[in-house]
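The values are calculated or read from the model by the stated rules, or taken from the named source; none is laboratory data. Everything numeric here is computed off the predicted structure, so don't read it as measured data. Positions of Cβ are generated from backbone atoms using ideal geometry, with glycine treated the same way; all protein chains shown enter the neighbour counts.
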Amino acid sequence: MPILGALMGFFFLSGAMSVLPAQAQAPQAPSIPNYTVTLTAYNAVPEQTDNDPFVTASGAYSNPEVVAARSQDLASELPFGTIIELDGPANAHNPCGYRVVEPIIGYRIIADTMNARYTDRIDILFSTESNYITAGGRTKNAGTVLGICSGVTIRVVGHIDGTRPGKFPKTQKQLAALVNGEDLALK
């Protein structure tokens with residue numbers, strides 16, 4: 001028995017047995033792509049889009065419940081049909097209104113693109129009827145309340161076929177169900 005103990009001590013101290021068995025090694029979680037961007041907003045109106053505000057660059061309907069646009073420099077990382085989730089600005093002192101409008105952002109589908117002059121930017125489509133009353137009693141659209149938020153993190157949480165924009169989820173409930181792997185999406 002002393003020989004067995006000596007051998008085990010030798011292997012332990014020499015590092016020969018330092019490799020854990022396969023079942024004891026922690027599995028590597030898949031990496032979720034994320035990007036730090038500037039977040040802005042727009043409405044489906046001619047002044048803020050091209051000549052057809054109700055059709056996005058992907059051909060999808062301009063649905064303010066689920067659509068987002070990305071700057072053209074992010075086209076390869078975020079092709080049409082990419083589903084994203086957003087985290088507000090890392091800097092708590094950022095003057096944007098992200099925390100105010102956060103409840104109506106939810107998940108978003110990249111279905112539109114922005115003017116080439118913008119880079120590293122995501123633009124959330126809001127309804128022209130998504131309004132807030134300010135402390136002074138004025139009405140402001142969600143896009144104006146949001147303003148320009150720098151340092152926002154977006155995570156890619158899924159993909160849908162960007163070549164079939166007519167099949168995009170129409171509501172946040174459908175989009176969340178799709179992200180969560182539930183069957184009620186797109187019915």
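See the values below:
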item	result
Cβ-Cβ under 6 Å pairs, at least 6 apart or on other chains, the stretch 151-169 side over 22 Å from SER71 (Cβ atoms), far side aliphatic (A, V, I, L, M) and assigned to a helix (DSSP H, G or I)	PRO169/LEU175; PRO169/LEU178
Identity of the residue in the stretch 76-96, surrounded by fewer than 17 Cβ atoms within 10 Å (Cβ to Cβ) and under 14 Å from the mean Cα position of the chain (by Cα), that ends up farthest from SER130 (Cα to Cα)	GLU77
Any chance ALA176 is touching a residue at least 24 places away in the same chain (Cβ under 8 Å) and not in a strand (DSSP E or B)	yes
Residues of the stretch 125-134 that turn out to be part of a strand (DSSP E or B) and surrounded by 13 or more Cβ atoms within 10 Å (Cβ to Cβ), as a count	3
Residue within the stretch 135-155 that is modelled with pLDDT under 90, in contact with a helix residue (DSSP H, G or I) (Cβ under 9 Å, 6 or more places away or on another chain), exposed (fewer than 14 other Cβ atoms within 10 Å of the Cβ) and not in a strand (DSSP E or B) present	no
When residues of the stretch 156-173 are limited to those that are under 18 Å from the mean Cα position of the chain (by Cα) and assigned to a loop (DSSP other than H, G, I, E, B), the one farthest from LEU39 (Cα to Cα)	ASP161
Residue ID - surrounded by the most Cβ atoms within 10 Å (Cβ to Cβ), chosen from residues in the stretch 40-58 that are within 17 Å of PHE168 (Cα to Cα) and either at pLDDT below 80 or among the β-branched types (Val, Ile, Thr) (or both)	THR56
Conditions (1) in a loop (DSSP other than H, G, I, E, B); (2) touching a residue at least 60 places away in the same chain (Cβ under 8 Å); (3) under 24 Å from ASP52 (Cβ atoms); (4) not acidic (Asp, Glu): number failed by ASN91	(3)
Any hit, the stretch 62-75, residues being crowded, with 20+ Cβ neighbours inside 10 Å, at pLDDT 95 or above, in a strand (DSSP E or B) and out of contact with any Asp or Glu (no Cβ under 9 Å at 6 or more places or on another chain)	no
Residue satisfying all of: in the stretch 97-117; under 14 Å from the mean Cα position of the chain (by Cα) and of a type in the set (A, V, I, L, M, F, W, C); surrounded by the fewest Cβ atoms within 10 Å (Cβ to Cβ) among these	ILE104
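Let's see how each residue does on (1) farther than 21 Å from GLN48 by Cβ; (2) out of contact with any Gly (no Cβ under 6 Å at 6 or more places or on another chain):
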position	(1), (2)
ILE133	yes, yes
ARG138	no, yes
GLY147	no, no
GLY151	yes, yes
GLY158	yes, yes
THR163	yes, yes
ALA177	yes, yes
GLU182	yes, yes
